[in-house]
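This report refers to the structure that appears directly beneath it.
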Amino acid sequence: MADLQRRLGALGFDAGRVDGIFGEDTQRAALEFQRNAGLTADGVCGPATRALLVRVKARSEDPIPVADVRERETLRQSPRTLHDRRVVVGHAGGLDALTDAVVRALAETGAQAIPLHHLDGSAQAQQANGVGADVFVGLVAAEAGCATAYYAAHGFESQGGRRLAECIQTEVPATLGAERTPPAGMALPVLRETRMPAVLCELGPISTVVLHGPNLADAFTRALECWVQGLDEV
């Protein structure tokens with residue numbers, strides 16, 4: 001499925017991000033390709049459709065998927081402020097106080113901050129998609145340190161997610177007394193299934209997180225402000 005999305009995207013048919021999920025965007029792109037190719041337009045990528053996709057080559061040797069172009073352009077054209085931005089802050093348990101503190105700090109900037117608590121990453125992604133979030137920040141309790149992840153898989157990388165993960169590494173670790181670490185591209189469900197730039201941040205130890213909750217909330221707010229102000233760089 002990821003190969004199908006990659007081939008469609010390379011030819012200019014917007015199959016959405018390369019996530020291996022045959023969703024509405026992929027089906028729509030497949031239909032458009034079939035119509036353009038004179039095939040039966042049923043949205044089902046059977047042998048004839050797949051064979052033609054393999055034969056047809058993109059003009060460029062290393063084409064940029066249309067989903068990547070769309071994400072970058074959307075981010076570059078968006079406002080350079082958090083005001084009215086819909087920011088979902090999710091967690092799977094244990095970080096209720098920090099989540100609430102981050103939501104309050106973001107609300108002071110004029111952002112529409114929405115807390116989200118669910119044990120399942122896919123459920124968090126569905127709820128974030130359902131409210132039309134502009135960005136998703138997931139918080140996870142860890143033994144120690146501060147690690148950030150964004151979506152990357154099948155040759156695709158969320159530029160917006162990577163940029164936010166880098167901003168978090170610039171602002172948050174020092175508050176925990178931890179070292180900065182390079183963000184990691186991962187395909188966890190909550191990162192793969194969200195339709196907006198998303199990051200997952202592991203924080204610990206819990207005692208330090210609780211002790212520095214207000215300062216951490218401010219650090220996350222600065223990271224998000226850094227993110228929106230630097231979207232020209234994605």
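Compute the projected area of the convex hull of the Cα atoms of the chain, averaged over all viewing directions, and report it in nm² to one decimal place.
Convex hull of Cα atoms, orientation-averaged projection: 12.8 nm².
Taking the chain as the reference, fit the longest principal axis to its C-alpha atoms, fit the long axis of helix 66-76 to the helix C-alpha atoms, and give the angle between the two in degrees, 0 to 90, nearest 10.
The angle comes out near 40 degrees.
Where q = 0.24, 0.25, 0.31 Å⁻¹, what log10 of I(q)/I(0) comes from the Debye formula for the range 94-153, counting one point per Cα?
Values, matching the q order: -1.25, -1.31, -1.40.
What number comes out for accessible area per residue over the chain if the probe is 1.4 Å? Units Å², please.
Heavy-atom SASA per residue in the chain reads 48 Å².
Run the accessible area of the chain with a 1.4 Å probe and give the carbon-and-sulfur part as a rounded percent.
C and S fraction of accessible area: 50 percent.
Convex hull over the Cα atoms of the range 1-137, averaged projected area in nm²?
Its average projected convex-hull area is 10.1 nm².
Charges on Cβ only, +1 for Lys and Arg, -1 for Asp and Glu, centred on the Cα centroid of the chain; of 36, 187, 97, which one is farthest towards the dipole's positive end?
Of the options given, the answer is 36.
Nearest 0.05, what FRET efficiency do residue 21 and residue 76 give at R0 = 25 Å with Cβ-Cβ as r?
Given R0 = 25 Å and the Cβ-Cβ separation, E is 0.45.
Could you compute the FRET efficiency for residue 28 and residue 84, with r as their C-beta to C-beta distance and R0 at 22 Å, rounded to 0.05?
The value I calculate is 0.15.
Can you give the % of DSSP beta bridges in the chain that are antiparallel, to the nearest 5?
Given both bridge residues lie in the chain, the antiparallel proportion sits at roughly 30 percent.
In whole Hz, with x marking every Gly and Pro, tabulate ³J(HN,Hα) for the range 187-193 from phi via Karplus 6.51 cos²θ - 1.76 cosθ + 1.60, θ = phi - 60°.
Those phi angles translate into 10, 4, x, 5, 8, 6, 9 Hz.
What does the charge dipole of the chain about its Cα centre add up to, to the nearest 20 debye, if the Cβ of each Lys and Arg holds +1 and the Cβ of each Asp and Glu holds -1?
720
For residue 39 and residue 210 in the same chain, what is the full-extension length gain: residue separation times 0.36 nm, less their Cα-Cα distance, in nm?
Once the chain is fully extended between residue 39 and residue 210, it gains 55.6 nm.
For the chain, give me every cysteine whose Cβ has no other Cys Cβ within less than 4.7 Å, ordered by residue number.
For the chain, the answer is 45, 146, 201, because their Cβ atoms have no other cysteine Cβ under 4.7 Å.
Could you list log10 I(q)/I(0) for the range 126-234 at q = 0.20 Å⁻¹, which the Debye formula gives when each Cα is one point scatterer?
After summing over all Cα pairs, the log10 values are -1.03.
The values are calculated or read from the model by the stated rules, or taken from the named source; none is laboratory data. Being a predicted model, the structure only gives us computed values, none of them experimental. No Cβ is skipped: glycine too gets one built from the backbone with ideal geometry, and neighbour counts run over all protein chains shown. Note: accessible area is taken over every heavy atom of the protein model, side chains too, but ligands, DNA and RNA are not part of it. Shrake-Rupley method; radii C 1.70, N 1.55, O 1.52, S 1.80 Å.
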